[in-house]
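The values are calculated or read from the model by the stated rules, or taken from the named source; none is laboratory data. The model shown is predicted, which means the values in this text are computed figures rather than measured ones. Methodologically, a virtual Cβ is constructed for each residue, glycine included, from the backbone with ideal geometry; neighbour enumeration extends over all protein chains shown. Each accessible area value is taken on the protein alone, full model and side chains, heavy atoms only, with ligands, DNA and RNA left out. Shrake-Rupley method; radii C 1.70, N 1.55, O 1.52, S 1.80 Å.
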Amino acid sequence: MKILIVEDEHFMLEAMSTVLENIGIEVLKADNVNDAQQFVASENLSLVITDLYLPEPDGFAFVHSIKNNPLTKHIPVIVVTGLVEHRETLSEKVPADEWLSKPFTLDQLRGAVKKYLAIAA
């Protein structure tokens, strides 16, 4: 099982990766959408975790590209964002499967991942 984390804040990227690697998940990392799209096209992903506010192109377009493609629309997408006050509006515009509001706990991250993968997180 392989997941992709897309996050431009290095500390967040490394923290999320370490937590998930420690429970036996293979993690691919990208700090921009262009690299992330290459992983989506070339890897057999079980899950994508992405921030929305990334350098151009942004995470909004990235989530839409996954969910609008017949070959990848089955991949669950968890969005992590600091824009808690806009979550309801954003969730109407972004077809994510799950939302985590920053700051979130590592237990919340493990719980969200466990929801979509058959693991004992």
- Flag if residue 12 is among the aliphatic types (A, V, I, L, M), closer than 22 Å to residue 110 by Cβ, at pLDDT below 95 and not in a strand (DSSP E or B): yes
- Query: Which residues, taken from the stretch 1-13, are touching a residue at least 12 places away in the same chain (Cβ under 8 Å), open to solvent by 50 Å² or more (accessible area, probe 1.4 Å) and within 20 Å of residue 59 (Cα to Cα)?
  - Reply: 8, 9, 10
- Boolean, residue 54 is out of contact with any His (no Cβ under 9 Å at 6 or more places or on another chain), hydrophobic (A, V, I, L, M, F, W, C), more than 23 Å from residue 114 (Cβ to Cβ) and in contact (Cβ under 8 Å) with a residue 24 or more places away in the chain: yes
